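What follows is a short report on a single structure.
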Amino acid sequence: MSRLFIDIGSSSLFKSGQKIGGDVFLLSRNPDKSQIVCTLSDGLGSGVKANVLASLTARMAHKLSFSPMHLVNSATIIMNTLPVCKERKISYSTFTIADIRLQEEQGVVLNLVEYDNPRALVFVQGQSKQWEPQTKNLHRQGAFKEEVILHSTLTMEQGDRLILFSDGVSQAGLGTQKNLGWRRAGVESFVQQKIRRNPDIGSKALAEAITAKALELDIYTAKDDITTAVVFVRSPRRTLIVTGPPFSPSDDEQLVQKVVAFEGKKIISGGTTAHIVSRLTNKPLKMDMKSWSKDIPPCSKMEGVDLVTEGMLTLCKVAKALENKQSADQFPDDAVRRFLHILEISDHVHFIVGTKINEAHQDPKIPVEIGIRRTLISRICRALEELYLKETTIEYI
Amino acid sequence: MVTQKIMVRICMGTACFVQGGADLLLYGDFLDSELQQRIEVEGVSCLGCCKEHQRGLRPPYVQIGEQLHAEVDQTKFILLIKEALDA
């Protein structure tokens, strides 16, 4: 496992009255996990048309970033491909591409290409970094204005942050709260203050704080789409999830030793599994009767374990929530919410899956969703890896 | 006169929860407050009765005092508690 982890979080609000956004943030990484590309694109206008422009731009920028082509050529291709707006007779979409490469010796190398979006912010150890990007004029035929692309290559170390945002953020409060809007400098000092108060603030939380502040400046009626993305380089946070009793009871001891020895957050999901750990460590299990909802049984408490939940129902709902990109705060205070909270702040998740079949779950009267533990865990892993870019490992016992 | 509270343990294992156990957690709503004061309710992650269906018993399981009961719904829950308190 790498010594550095790249934590990326984004938050987006649509322009008031729109059901679809004109800002598009895309995020993906290559199969060997050494390169991550994030693209923030803002299409002309708002609503569906803007979303089409922005999605096209972001997708193209994304594909081209993983190719060996030079970024300036990629930008020209993007501009030439975009459909022309019927009213304004121009094809236009702003974009920022952050190509992040994780290299063991040099740390993280960031290649930043910006076109007409507010300039990105970089915080080195909590202090805003000032730098001059290289400029490149595209001189594209048929362009309706001068098109200048900014390109910078920066290295990032542990504790550094990159912040991308759309003009909905920098122009928040324009004409109402602030004459010229929040502006880049306003966002800069807001982030600086946030980091000073909480130096370990996660990317998702920081991105949400910025969009929330922008909305507040717009007096809770967004004048434009508001999007923020935060990239944070830090050491990985590890979480262990244990679910299901071992296939052979003789392995119970081994399972418990692994739980005790693990450094990081620990979740036990499953009544029988919790009983095994409780019995062998002599730590009592106490059910918390307040933390339940109509389809999720209550959590329990055990010393040395961060969360103890019921197994299949909870895992099933966690899998669904992850696949639908629902955040923890959308759930009532039950096991699923607490489970998702821990996953949100984890970078590397290790699963120990017991493969014993629970006879009671084979009862035909029980809902079908209570399927096979192994399939459920692989769904959770896939969602964590593909949608949240977390690292996962599974061990069967 | 000080009477000892009766311990009521509701199984919250997956099989019990989906087959009616969840309804029993609403005891605060359907059980008379007078009865509520005389019992102590505790959730258990599994009472270990999952294999009892071989003997024709079905979830959800509830343990009242030392006695184990199967197929407990809200009505049966009230009756069982009254019985246990009267005994």
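One residue stands out in the stretch A:345-365 among those that are within 30 Å of B:TYR61 (Cβ to Cβ) and surrounded by fewer than 18 Cβ atoms within 10 Å (Cβ to Cβ): the one that is farthest from the other protein chains (Cβ to nearest Cβ), namely A:THR355.
Only one residue in A:GLU188, A:GLU216, A:GLU208 is assigned to a helix (DSSP H, G or I), under 21 Å from A:CYS38 (Cβ atoms) and open to solvent by 40 Å² or more (accessible area, probe 1.4 Å), so which one is that? Being assigned to a helix (DSSP H, G or I), under 21 Å from A:CYS38 (Cβ atoms) and open to solvent by 40 Å² or more (accessible area, probe 1.4 Å) holds for just one of A:GLU188, A:GLU216, A:GLU208, which is A:GLU208.
Of the residues making up the stretch A:295-308, those that are within 9 Å of chain B (Cβ to nearest Cβ) and either open to solvent by less than 10 Å² (accessible area, probe 1.4 Å) or farther than 24 Å from A:ALA383 by Cβ (or both) are A:ILE296, A:PRO297, A:PRO298, A:SER300, A:VAL308. The combined condition, being in contact (Cβ under 8 Å) with a residue 24 or more places away in the chain and under 20 Å from the mean Cα position of the chain (by Cα), is fulfilled by A:ILE100.
A quick yes/no check of all residues on (1) modelled with pLDDT under 90; (2) buried (at least 16 other Cβ atoms within 10 Å of the Cβ):
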| site | (1), (2) |
| --- | --- |
| B:GLU40 | no, no |
| B:SER45 | yes, yes |
| B:HIS53 | yes, yes |
| B:VAL62 | no, yes |
| B:ALA70 | no, yes |
| B:GLN74 | no, no |
| B:ASP86 | yes, no |
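Pairing each residue of the stretch B:35-55 that is more than 8 Å from chain A (Cβ to nearest Cβ) with any residue that is assigned to a loop (DSSP other than H, G, I, E, B) and at pLDDT 90 or above, provided the two are 6+ apart or on different chains, yields C-beta distances under 7 Å for B:LEU47/B:TYR61; B:CYS49/B:TYR61; B:GLU52/B:ALA70. For the stretch A:244-290, taking the residues that are small (Gly, Ala, Ser) and facing another protein chain (nearest Cβ under 10 Å), the one that is nearest to B:GLY13 (Cα to Cα) is identified as A:GLY271.
Residues of the stretch B:1-31 that are facing another protein chain (nearest Cβ under 9 Å) and of a type in the set (Phe, Trp, Tyr): B:PHE17 alone.
Considering B:GLY48, B:GLY21, B:GLY43, the condition of being in a loop (DSSP other than H, G, I, E, B) and of a type in the set (Gly, Ala, Ser) is satisfied by B:GLY48 alone. Do we find that A:ASN111 is assigned to a helix (DSSP H, G or I), modelled with pLDDT of 80 or more and open to solvent by 30 Å² or more (accessible area, probe 1.4 Å) in this structure? When the stated conditions are applied, A:ASN111 does not pass them. Of the strands (runs of 3 or more DSSP E) lying entirely inside the stretch A:236-352, not one contains at least 2 residues that are basic (Lys, Arg) and free of Cβ contacts under 8 Å to residues at least 24 places away in the same chain. Within this structure, A:GLY168 fails the test of being touching a helix residue (DSSP H, G or I) at 6+ places or on another chain (Cβ under 9 Å), closer than 21 Å to A:GLY45 by Cβ and free of Cβ contacts under 8 Å to residues at least 40 places away in the same chain.
Quick grid of which residues meet (1) open to solvent by less than 50 Å² (accessible area, probe 1.4 Å); (2) in a strand (DSSP E or B):
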site: A:THR94; (1), (2): yes, yes
site: A:ALA98; (1), (2): yes, yes
site: A:ARG101; (1), (2): no, yes
site: A:GLU105; (1), (2): no, no
site: A:PRO118; (1), (2): yes, no
site: A:TRP131; (1), (2): yes, no
site: A:LYS136; (1), (2): no, yes
site: A:GLY142; (1), (2): no, no
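The values are calculated or read from the model by the stated rules, or taken from the named source; none is laboratory data. Worth saying up front: this structure is predicted, and the values here are computed from it rather than measured. Note that each Cβ is placed from the backbone with ideal geometry, even for glycine, and that neighbours are counted across all protein chains shown. When the accessible area is computed, the model is the full protein with side chains, heavy atoms only, and any ligands, DNA or RNA have been set aside. Shrake-Rupley method; radii C 1.70, N 1.55, O 1.52, S 1.80 Å.
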